[in-house]
Amino acid sequence: QVQLVESGGDLVQAGGSLRLSCSASGNIFRINSMGWYRQAPGKQRELVATVTSAGSTNYADSVKGRFTISRINAGNTVYLQMLSLKPEDTAVYYCNANLRPLAMLVTQDVWGQGTQVTVSS
């Protein structure tokens, strides 16, 4: 069984910074990509940033220049460094991994439990 464990969410003032981390564990054959999504109250879940196994990154326009995604530890850990936080960044942040489990021949999306980020004005 594959698990994603997130940490780093907190309450921070506008202009502040946070770093989220997510580690994948379990019987994993290959991780294709990892990323962060967020969901604010009353809104749909949206992409924040992703990074592929080749190191290619993709960011939502709303976070470009403020957030940086990075992947280490043989690709099983991903960080999201968030700078210049704004109240509109308030949301539950979910880690995602597109991966192939050891016992399967197909890839699947796995989600973490979510971590709350609250930015006060």
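Looking only at the stretch 38-82, count how many residues are of a type in the set (Lys, Arg), under 18 Å from Ile28 (Cβ atoms) and in a loop (DSSP other than H, G, I, E, B).
So the first thing to find is which residues in the stretch 38-82 are of a type in the set (Lys, Arg), and the list is 38, 43, 45, 64, 66, 71.
Applying the additional criterion that residues be under 18 Å from Ile28 (Cβ atoms) yields 71.
If we keep only those that are in a loop (DSSP other than H, G, I, E, B) too, we end up with none.
So the answer is 0.
Given the structure, is Leu47 touching a residue at least 12 places away in the same chain (Cβ under 8 Å), farther than 20 Å from Ser121 by Cα, open to solvent by less than 70 Å² (accessible area, probe 1.4 Å) and out of contact with any Pro (no Cβ under 8 Å at 6 or more places or on another chain)? Walk me through it before giving the result.
Working: touching a residue at least 12 places away in the same chain (Cβ under 8 Å): yes; farther than 20 Å from Ser121 by Cα: yes; open to solvent by less than 70 Å² (accessible area, probe 1.4 Å): yes; out of contact with any Pro (no Cβ under 8 Å at 6 or more places or on another chain): yes.
Yes.
Going by the conditions given, is Leu85 in contact with a strand residue (DSSP E or B) (Cβ under 6 Å, 6 or more places away or on another chain), assigned to a loop (DSSP other than H, G, I, E, B) and modelled with pLDDT of 95 or more?
In short, yes.
Name the single residue that is nearest to Ser84 (Cα to Cα) among those in the stretch 15-31 being over 12 Å from the mean Cα position of the chain (by Cα) and surrounded by 14 or more Cβ atoms within 10 Å (Cβ to Cβ).
Step by step, filter the stretch 15-31, then rank; the result is Gly16.
Output the number of the condition that Asn76 fails; it satisfies all remaining conditions of (1) closer than 19 Å to Gly8 by Cα; (2) open to solvent by 70 Å² or more (accessible area, probe 1.4 Å); (3) free of Cβ contacts under 8 Å to residues at least 60 places away in the same chain.
Only one criterion is unmet by Asn76, namely (2).
If I ask for residues that are open to solvent by 80 Å² or more (accessible area, probe 1.4 Å) and more than 20 Å from Asn32 (Cα to Cα), which ones from the stretch 87-112 would you list?
The one that is open to solvent by 80 Å² or more (accessible area, probe 1.4 Å) and more than 20 Å from Asn32 (Cα to Cα): Glu88.
The values are calculated or read from the model by the stated rules, or taken from the named source; none is laboratory data. Everything numeric here is computed off the predicted structure, so don't read it as measured data. We place every Cβ from the backbone using ideal geometry, glycine too, and count neighbours over all the protein chains shown. SASA here: full protein model, heavy atoms, side chains in, ligands and nucleic acids out. Shrake-Rupley method; radii C 1.70, N 1.55, O 1.52, S 1.80 Å.
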